[in-house]
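Okay, so here's the structure we're looking at.
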Amino acid sequence: MPLERHRLDRFTKGWFVGDFSPTLIASDAVEVAVKIYKAGESESSHHHKVATELTAIISGRVKMSGEEIGAGEIVKIHPGQSTDFTALTDVTTVVVVATGVAPH
């Protein structure tokens, strides 16, 4: 059986797992995206009431909540914690949003 292949650019803002259309795995418990930003692009401050968000910086540098973060770093944003996002360079991230994650 050949591999089932998909193009990232056909998914809404890079979200390919979650309660989106289209999606590869429908779920209201977890969302996953690969997000690509050009230098200077930003997202305004937001938070999740009950979800934990993990943002892995694959390439580039960003500023989140006033802190500079670079390639190879993962930021864990806890439920209720707010953050904003600005791409300082061209950036690729992987974002996972999960509900019901126990705090550690």
Taking the alpha-carbon centroid of each part, what is the distance from segment 1-29 to segment 33-75 in angstrom?
-> 20 Å
Zone residues, segment 24-64, relative to residue 76, backbone N less than 18 Å from point 7 Å out along Cα-to-Cβ = 30-31, 48-57
Qualifying lysines (Cα of each under 16 Å from Cα of residue 49; at least 8 residues distant if same chain) | 76
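Summarise the accessible area of the chain (1.4 Å probe, protein heavy atoms) by the percent that is carbon and sulfur. Don't jump to the answer; show the numbers that get you there.
Numbers: 3750 of 6780 Å².
The nonpolar share, carbon plus sulfur, comes to 55 percent.
Would you mind counting up the charge near residue 12? Only other residues with Cβ under 15 Å from its Cβ, with Lys and Arg at +1 and Asp and Glu at -1. Working shown, then result.
Details: positive: 7, 10, 13, 35; negative: 9, 19, 31, 43.
For residues surrounding residue 12, the net value is 0.
The values are calculated or read from the model by the stated rules, or taken from the named source; none is laboratory data. None of the values given here were measured: they were computed from a predicted structure. Methodologically, a virtual Cβ is constructed for each residue, glycine included, from the backbone with ideal geometry; neighbour enumeration extends over all protein chains shown. For accessibility, only protein heavy atoms count, side chains too; no ligands or nucleic acids. Shrake-Rupley method; radii C 1.70, N 1.55, O 1.52, S 1.80 Å.
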